[in-house]
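Have a look at the structure below, then the notes.
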Amino acid sequence: MRALIQRVSQASVHVEGERIGAIDGGLLALIGVERDDTPERADKLLHKMLNYRIFSDDEGRMNLGLSTTGGGLLLVSQFTLVADTRKGLRPGFSSGATPEDGKRLFNHLVASARRAHTSVETGRFGADMQVSLVNDGPVTFLLES
């Protein structure tokens, strides 16, 4: 399972012109689910997202995690994140989870996040979404479990 996390000052996701999720300062996490992922891997990734130290402390050093700062978490499924781009000019998706497994694991991640963190918003699994963000820094990391 992969998460492309971006520290943001704001982020939102729209489906068919309707805003379905938005946060102010916090993390936008684009989530890719792979074929061999499990709920345990999702839980490990969530722990990493909530505690990865990418927010500034009083001295301006990246020393704080989202759990400490209390910022928002916007989770957006993105199957293209698990594409194999090593060869050729067309991405391969053979390592991606089936839509059913991807949805089940993404929903598990969302439910676990809502139990562990106070401010969690989401996109809509499988939908054509428009994601807007203001990347703070910019700060972007690829996390894997």
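Some observations on this one:
- In region 111-121, the residues that are surrounded by fewer than 18 Cβ atoms within 10 Å (Cβ to Cβ) and of a type in the set (A, V, I, L, M): ALA111, ALA116
- The set of residues in region 21-36 being touching a Gly at 6+ places or on another chain (Cβ under 9 Å) and either more than 20 Å from ARG124 (Cβ to Cβ) or in a helix (DSSP H, G or I) (or both) consists of ASP24, GLY25, GLU34, ARG35.
- Residue pairs meeting the criteria (Cβ under 7 Å; at least 6 apart or on separate chains; first among the aromatic types (Phe, Trp, Tyr), in region 69-89; second crowded, with 18+ Cβ neighbours inside 10 Å and part of a strand (DSSP E or B)): PHE79/GLY32; PHE79/GLY96
- Note on region 38-64: residues that are among the polar types (S, T, N, Q) and either farther than 20 Å from ARG114 by Cα or touching a Lys or Arg at 6+ places or on another chain (Cβ under 7 Å) (or both) amount to 2.
- A count restricted to region 15-29 and to residues that are closer than 25 Å to ALA97 by Cβ, buried (at least 16 other Cβ atoms within 10 Å of the Cβ) and in contact (Cβ under 8 Å) with a residue 60 or more places away in the chain stands at 2.
- Check on LEU109, closer than 26 Å to ARG19 by Cβ and touching a Ser or Thr at 6+ places or on another chain (Cβ under 8 Å): no
Table: residues versus (1) modelled with pLDDT under 95; (2) over 13 Å from LEU27 (Cα atoms); (3) surrounded by fewer than 18 Cβ atoms within 10 Å (Cβ to Cβ); (4) in contact with a strand residue (DSSP E or B) (Cβ under 9 Å, 6 or more places away or on another chain).
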| residue | (1), (2), (3), (4) |
| --- | --- |
| LEU45 | no, yes, no, yes |
| SER56 | no, yes, yes, yes |
| GLY70 | no, no, yes, yes |
| THR98 | no, yes, yes, no |
| LYS103 | no, yes, yes, yes |
| LEU109 | no, yes, no, yes |
| ASN135 | no, no, yes, yes |
| SER145 | yes, yes, no, yes |
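The values are calculated or read from the model by the stated rules, or taken from the named source; none is laboratory data. Please read all numbers here as calculations on a predicted model, not as lab measurements. Quick reminder, even Gly has a Cβ in these numbers, built from the backbone with ideal geometry, and neighbours come from all protein chains shown.
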